Amino acid sequence: MAQKNPSFVLKSPGNVVFEDRPIPELKSEYDVLVKPKWTGICGSDVHYWVEGRIGHFVVEAPMVLGHESAGIVTSVGKNVKTLKVGDRVAMEPGVPCRRCVRCKEGKYNLCPDMAFAATPPYDGTLAGYYSLPEDYCYKLPENMSLEEGALIEPTAVAVHISKQASIRPGDSVVVFGAGPVGLLCCAVAKAYGAMKVVTVDINEERLQFAMKYAATHSFRSQRESAEESAKRLIRECELGAGADVIIDASGAEVCIQTAIHALRTGGTYVQGGMGKPDITFPIMSMCAKELNVKGSFRYGPGDYQTAVDLVATGRISVKELITGKVKFEDAESAFKDVKGGKGIKILIEGPADSK
């Protein structure tokens, strides 16, 4: 018999199974039911699969994985006005409470009661069906594929980071880390008018890809002090008094230290990558240069729609980032490939046998 809602479930670290779950019921008359068609694998998904936890988020009960998805609307609540059955949508996977101070001040990504897909205790989107409020589903234009729709989630992350950085036309922007988010930060920075976009990594292949994709300059990290690395970065990439904006999408301690030293006075630093909980930080340099230092967490108001618009209008392209696609039943092999550093973004197709 065909399963009703096949789901890719993490039972415990390293232990995943396929289960048939009940089809989600619409909790509100403003909700829609979506059939995910493509789902990208994020580093956080892999981290839960390997470790069973990220910080204080611990997998204590079986949890469906996945949160980078696009799919097709299969049913709508009676008060839904913007979507209909058959619409293709990018799915924003975090739903805030809408009532707390952070939500009301327009920073819903900081909501303490956020229900985020594949973050304990909430199930993710690697399933036959998933329910969301209509305003967290973004209709895809005809010229955008569902595969591209699955890349809207990391693109929205890059949009939010770039907003935090206040990138302006003519800026010089350095991005540490040439993984999916780092590459997308390069693309968004370029779309926002950055004159110089420098990609930094230790992997020569990734640097070459970044140069073909969106970067104007590349810089390969070496074993040297952060201050020496910063001087070499400024010299080789002709950054004058230092970069206007530096984004860290690596989470590596030495990258963060190098970034602070490589910024011009009054420059802006944004932390986008996750690394060790505590690091040694060049605070004297930060103070003396009066840097703007910001964190960045997921995405907030307008970021998802901006990501859709940037891709739909061709301002940025995400097709090049898709380096592999697998069937739903091969989901675990895709997780192994991502853990092994293979490719850039691997997509998992939605289950074919859900009814």
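Only one of these conditions is not met by L126: (1) touching a helix residue (DSSP H, G or I) at 6+ places or on another chain (Cβ under 8 Å); (2) over 18 Å from L347 (Cα atoms). Which number is it?
Checking L126 against (1) touching a helix residue (DSSP H, G or I) at 6+ places or on another chain (Cβ under 8 Å); (2) over 18 Å from L347 (Cα atoms), the one that fails is (2).
May I ask you to say which residue of G240, G300, G275, G251 is in the same structural domain as F219 (by TED's automatic domain parsing), in contact with a helix residue (DSSP H, G or I) (Cβ under 8 Å, 6 or more places away or on another chain), within 26 Å of T39 (Cβ to Cβ) and touching a residue at least 24 places away in the same chain (Cβ under 8 Å)?
G275
Which members of the stretch 1-25 meet the condition of being aliphatic (A, V, I, L, M) and either surrounded by 15 or more Cβ atoms within 10 Å (Cβ to Cβ) or touching a Leu at 6+ places or on another chain (Cβ under 7 Å) (or both)?
Those that are aliphatic (A, V, I, L, M) and either surrounded by 15 or more Cβ atoms within 10 Å (Cβ to Cβ) or touching a Leu at 6+ places or on another chain (Cβ under 7 Å) (or both): V9, L10, V16, I23.
Name the single residue that is nearest to the chain's Cα centre (by Cα) among those in the stretch 323-355 being part of a helix (DSSP H, G or I) and in contact (Cβ under 8 Å) with a residue 40 or more places away in the chain.
If we take residues in the stretch 323-355 being part of a helix (DSSP H, G or I) and in contact (Cβ under 8 Å) with a residue 40 or more places away in the chain, then V338 is nearest to the chain's Cα centre (by Cα).
When the residues of the stretch 76-130 are narrowed to those that are under 20 Å from Y299 (Cβ atoms) and of a type in the set (G, A, S), which ends up surrounded by the fewest Cβ atoms within 10 Å (Cβ to Cβ)?
The qualifying residue surrounded by the fewest Cβ atoms within 10 Å (Cβ to Cβ) is G106.
Kindly list the number of the only condition in (1) over 25 Å from T265 (Cβ atoms); (2) in a loop (DSSP other than H, G, I, E, B); (3) not aliphatic (A, V, I, L, M) that fails for R206.
Unmet condition: (2).
Tell me, please, whether a residue that is at negative phi, surrounded by fewer than 18 Cβ atoms within 10 Å (Cβ to Cβ) and not in a helix (DSSP H, G or I) can be found in the stretch 304-311.
no
Got a sec? Which of S162, S166, S145 is farther than 21 Å from L26 by Cβ, surrounded by fewer than 23 Cβ atoms within 10 Å (Cβ to Cβ), at pLDDT 95 or above and not assigned by TED's automatic domain parsing to the domain that holds N79?
Testing whether each residue is farther than 21 Å from L26 by Cβ, surrounded by fewer than 23 Cβ atoms within 10 Å (Cβ to Cβ), at pLDDT 95 or above and not assigned by TED's automatic domain parsing to the domain that holds N79 leaves just S166.
Looking at Y136, Y129, can you tell me which residue is within 19 Å of the chain's Cα centre (by Cα), closer than 26 Å to I54 by Cα and assigned by TED's automatic domain parsing to the domain that holds V59?
Y136
Of a type in the set (G, A, S), over 26 Å from the mean Cα position of the chain (by Cα) and farther than 21 Å from E290 by Cα: which single residue out of S250, S225 fits that description?
Going through S250, S225 in turn, the sole match is S225.
Scanning the stretch 27-49 for residues that are hydrophobic (A, V, I, L, M, F, W, C) and modelled with pLDDT under 95, which turns out farthest from the chain's Cα centre (by Cα)?
Among residues in the stretch 27-49 that are hydrophobic (A, V, I, L, M, F, W, C) and modelled with pLDDT under 95, the one farthest from the chain's Cα centre (by Cα) is V46.
Being modelled with pLDDT of 95 or more, crowded, with 18+ Cβ neighbours inside 10 Å, within 16 Å of S172 (Cα to Cα) and of a type in the set (A, V, I, L, M, F, W, C): is that true of I260 here?
Taking the combined requirement at face value, the residue satisfies it.
Given the condition within 13 Å of V308 (Cβ to Cβ) and either without any contact (Cβ under 8 Å) to a residue 40 or more places away in the chain or hydrophobic (A, V, I, L, M, F, W, C) (or both), answer yes or no: does some residue in the stretch 165-179 qualify?
Among the residues of the stretch 165-179, not one is within 13 Å of V308 (Cβ to Cβ) and either without any contact (Cβ under 8 Å) to a residue 40 or more places away in the chain or hydrophobic (A, V, I, L, M, F, W, C) (or both), which makes the answer no.
Take the residues of the stretch 26-62 that are surrounded by 16 or more Cβ atoms within 10 Å (Cβ to Cβ) and of a type in the set (K, R): which is farthest from N79 (Cα to Cα)?
The qualifying residue farthest from N79 (Cα to Cα) is K37.
Kindly indicate whether any position in the stretch 219-237 is in a strand (DSSP E or B), assigned by TED's automatic domain parsing to the domain that holds V270 and among the β-branched types (V, I, T).
no
Does the stretch 1-45 hold any residues that are of a type in the set (A, V, I, L, M) and within 30 Å of K339 (Cβ to Cβ), and which are they?
Of everything in the stretch 1-45, those that are of a type in the set (A, V, I, L, M) and within 30 Å of K339 (Cβ to Cβ) turn out to be V9, L10, V16, V17, V34, I41.
The values are calculated or read from the model by the stated rules, or taken from the named source; none is laboratory data. None of the values given here were measured: they were computed from a predicted structure. With ideal geometry, Cβ positions are generated from the backbone for all residues, glycine too; neighbour counts draw on all protein chains shown.
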